[in-house]
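*Asks:* Handing you a structure now.
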Amino acid sequence: GGGGGGDDDDGDGGNGAYDMMNLDDLLREYYAKYFPFDGMYEWLSYGDAATFHNRELSYTLHVKGDEIYARYKSWRDAAAYKAAICKEVPVKLDIGAVYPCAPADRSSLGAAYQPVHKELVFDIDLTDYDPVRYCCSGAAICARCWGLMRVAMRVTDDRLRADFGFRHLLWVYSGRRGIHCWVADAHARTLGTSARAAVV
């Protein structure tokens, strides 16, 4: 590690880098033993196998020091999803929209290959609060910063429920410096571009 050995020591020598070989091993174990493939399938299918199969899922791979972004992926069920992810071992997963057909068949639809539905997602970053953060700024984050995120989450959650009637909200850590709110109500998933902008 980087000298202090305290709670902030992440073993990377203090430079923000990490051992990609070790990460690959950890991710391989995580996907094989802990990642909730069945739960993800249940959520992203909404009880309809075609919804899951027609959803674009993508991921980022690290290959020999380069990042490779793989798009237009889809699988028929949780078992096929797990087999592919455990084989590829991506460093990042992304959830896309649901289309009229599987992404692999998109060329058959031409211009008609347009989203059918997609969750409404709100992204709240700590950097949005730099003008009022008194402890950190930019990418730096401490425990006090998260108080701002708690307030932002409570206010946003309350407004989405009270003003728009949304009920199915999932709050998750964004993986960097903030949080995402995924609104999964059926009427939220089918909102067009202008209606989504109006909610914001």
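The values are calculated or read from the model by the stated rules, or taken from the named source; none is laboratory data. This is a predicted model, so every value here is computed, not measured. Quick reminder, even Gly has a Cβ in these numbers, built from the backbone with ideal geometry, and neighbours come from all protein chains shown. Ligands, DNA and RNA are stripped out before the accessible areas are found, and what is left, the full protein with its side chains, is counted by its heavy atoms. Shrake-Rupley method; radii C 1.70, N 1.55, O 1.52, S 1.80 Å.
*Asks:* Once the other residues with Cβ under 10 Å from the Cβ of residue 38 are scored (Lys, Arg +1; Asp, Glu -1), what is the net sum?
*Replies:* -1
*Asks:* Still on this structure, please answer the following. (i) 119; (ii) 269; (iii) 160: which one is volume of the Cα convex hull per residue in Å³ as calculated from this entry?
*Replies:* (iii)
*Asks:* Between residue 156 and residue 33, what is the label-point separation in nm under the 7 Å Cα-to-beta-carbon projection?
*Replies:* Modelled inter-label distance: 3.3 nm.
*Asks:* Let's test the formula: R0 of 45 Å, r as the Cβ-Cβ distance of residue 83 and residue 194. What FRET efficiency results, to the nearest 0.05?
*Replies:* With a Förster radius of 45 Å, E is 0.70.
*Asks:* Still on this structure, I have one more. In the chain, what percent of the accessible surface is made up of carbon and sulfur (1.4 Å probe, ligands and nucleic acids excluded)?
*Replies:* Accessible surface attributable to carbon and sulfur in the chain totals 52 percent.
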